[in-house]
1. Identify the residue in the range 74-112 that is small (Gly, Ala, Ser) and within 19 Å of Arg124 (Cα to Cα) and, among all such residues, is modelled with the lowest pLDDT.
2. Could you identify the single residue in Asn71, Asn30 that is at pLDDT 70 or above and not in a loop (DSSP other than H, G, I, E, B)?
3. Does Lys148 satisfy the condition of being at pLDDT 90 or above and charged (D, E, K, R)?
4. Does Pro61 satisfy the criteria of being in contact with an Asp or Glu (Cβ under 8 Å, 6 or more places away or on another chain) and at pLDDT below 90?
5. Among the numbered criteria (1) open to solvent by 60 Å² or more (accessible area, probe 1.4 Å); (2) assigned to a strand (DSSP E or B); (3) at pLDDT below 65, which one does Arg39 miss?
6. Collect the residues in the range 104-150 that are in a strand (DSSP E or B) and among the basic types (Lys, Arg), keeping them in residue-number order.
7. Condition first: under 20 Å from Glu140 (Cβ atoms) and open to solvent by 40 Å² or more (accessible area, probe 1.4 Å). Now tell me which residues in the range 73-82 satisfy that.
8. Scan the range 115-134 residue by residue and report those that are modelled with pLDDT under 90 and in contact with a Leu (Cβ under 9 Å, 6 or more places away or on another chain).
Amino acid sequence: MIFNHFGFPAAQNPFRDLERLVEELHTTFNRGGAHHAQRVTDVPLNLWSNEHGLVITAEIPGVDPTTIGVNVLGDAVTITGKRVAGEARGDAQKKDPRETNQELSFTRTVHLPYRVDADRTEARCSDGVLSVALQRPEAERPRTIAVKAA
């Protein structure tokens, strides 16, 4: 009897349909099938926080700063952007002809442990690095309470 890598007999693999679905999704997104004009990329974020607020940074080389959107609502921050694949690398470095003028986009939403002041939020993009500074409202900042002797 032949066993698969899960220890089940090969004919009785309960994960067969799930494995097939994962493989199809992987192939579709990596190859950018003909019916997919837009590919999605995942942009990693770095977050630094203190009692006054936090800073979010993202490395987004090749993204035009005019296409970047930063939206703040309560405790959620959403960052969006897009670029054209062929323009980002230049003609000399194109490796996949299917990427010519193909739009790559990203959307990242971060839920923070506290609300932020949207009016005092600043976003800057320099040399392919986006930096978003978010300020915590004064009313939601932690306060130190002095303990008095009785």
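The values are calculated or read from the model by the stated rules, or taken from the named source; none is laboratory data. For clarity, every value in this text was computed on a predicted model and none was experimentally measured. A quick note on method: Cβ atoms are made from the backbone with ideal geometry, for glycine too, and the neighbour counts reach across all protein chains shown. Quick note on the areas: whole protein, heavy atoms, side chains included, nothing else; ligands and nucleic acids left out. Shrake-Rupley method; radii C 1.70, N 1.55, O 1.52, S 1.80 Å.
1. As a first pass, look at the range 74-112 and keep what is small (Gly, Ala, Ser): 74, 76, 81, 85-86, 88, 90, 92, 105.
If we keep only those that are within 19 Å of Arg124 (Cα to Cα) too, we end up with 76, 81, 105.
Values: Ala76: 89, Gly81: 90, Ser105: 83.
Per the criteria, the residue is Ser105.
2. Values: Asn30 fails: at pLDDT 70 or above.
Going through Asn71, Asn30 in turn, just one is at pLDDT 70 or above and not in a loop (DSSP other than H, G, I, E, B): Asn71.
3. Taking the combined requirement at face value, the residue satisfies it.
4. Numbers: in contact with an Asp or Glu (Cβ under 8 Å, 6 or more places away or on another chain): no; at pLDDT below 90: yes.
No.
5. (1)
6. We begin by selecting, within the range 104-150, every residue in a strand (DSSP E or B); these are 104-111, 117-126, 129-135.
Passing the criteria: Arg108, Arg120, Arg124.
7. Leu73, Asp75
8. Val116, Asp117, Ala118
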